[in-house]
Ligand SMILES: [Zn+2]
């Protein structure tokens, strides 16, 4: 048997390369460091010894001696902010701003950093005021983005809309999706305050910004249902199918309630059954199953669950199928089936349902804005297959 010893050469070769690289870096550093004042090294020493206050004092001295080291302040400020020491980051950047001879571009940079310090510290008013001072220049776009974040945190949707529109005119990426969602937020507030006309106006603006916005369609149905117009609400919610059928589970229960209010529950059950047939989904099945069982009995519900399982086998569908079989079974088979259902339910009950496609945040409730990354419409409106979610 031949043994390949050539790879043993890699170790000394890699070592030699590392030694040469280190020597080169050291030489460069030494030639550069001869130009730096002693305070720089004192500051660095304090920093390495985790004495950031003394380090700041030393670095401030460096900046006084040599204006070229403004970058050092920025590096230090960022370092503190990243470590969560926002009060120190604020001090560093305020100190820079206090300098009378600071060039305009550096002043803007310092303001931008200071705004971020305030934002990270949760001092939203002061962050807003700081970013508001950056109306033009290299940091204007970044400042407007930060302002948008602030208004979203404050749930100031009118200002969010204004800022997003301004960002678009400044050359940022299209923000139609976000703007439509901000209008939906305003519509929801109006609905809660029992101002249906205001809500309808906002929803129109939402769909104008983004015709694909399903939430506006769902809310338009909510506005009509709240006003007692159940037929109108049904018409709105049915439009979800052509807009984006994957959102149908979000309106399934609403549709059934509206049909029931009109005394046409059977029609609602037919509609949901046809949805389950065309768009297999556990969430749709959950709603349809219950109503079909109540209205048409166990056999009809069993057929529904079986058809769904054949199309898209998964544990949630299996639970429904077992429930249908339990209803029709005699002892002792019934006991066995109940045991199986209990085991599957235990396996699936506490697992999250929805997963953010942007950051992976999982939640049992559906969110239009992800609580993890604050992205809009980042949740797929279908539940994650429970087995996949636990892996
Ligand atoms: Zn997310």
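The values are calculated or read from the model by the stated rules, or taken from the named source; none is laboratory data. All values derive from a computational prediction rather than experimental measurement. Methodologically, a virtual Cβ is constructed for each residue, glycine included, from the backbone with ideal geometry; neighbour enumeration extends over all protein chains shown.
Assorted remarks:
- Filter result (under 21 Å from residue 173 (Cβ atoms) and part of a loop (DSSP other than H, G, I, E, B)) within the stretch 117-149: 134, 135, 136, 137, 138, 139
- Whichever residue in the stretch 379-391 is away from the ligand (no atom under 13 Å from the Cβ) and surrounded by 15 or more Cβ atoms within 10 Å (Cβ to Cβ) and, among such residues, is modelled with the highest pLDDT: 381
- Scanning the stretch 282-303 for residues that are farther than 24 Å from residue 380 by Cα and either touching a helix residue (DSSP H, G or I) at 6+ places or on another chain (Cβ under 6 Å) or not in a helix (DSSP H, G or I) (or both) turns up 291, 292, 293, 295, 297, 298, 300, 301, 302.
- Scanning the stretch 252-281 for residues that are in contact with a helix residue (DSSP H, G or I) (Cβ under 6 Å, 6 or more places away or on another chain), in a helix (DSSP H, G or I) and more than 19 Å from residue 294 (Cβ to Cβ) yields no hits at all.
- Applying the criterion of being within 16 Å of residue 317 (Cα to Cα) and in a loop (DSSP other than H, G, I, E, B) to the residues of the stretch 342-378, the residue that is nearest to the ligand (Cβ to nearest atom) is 353.
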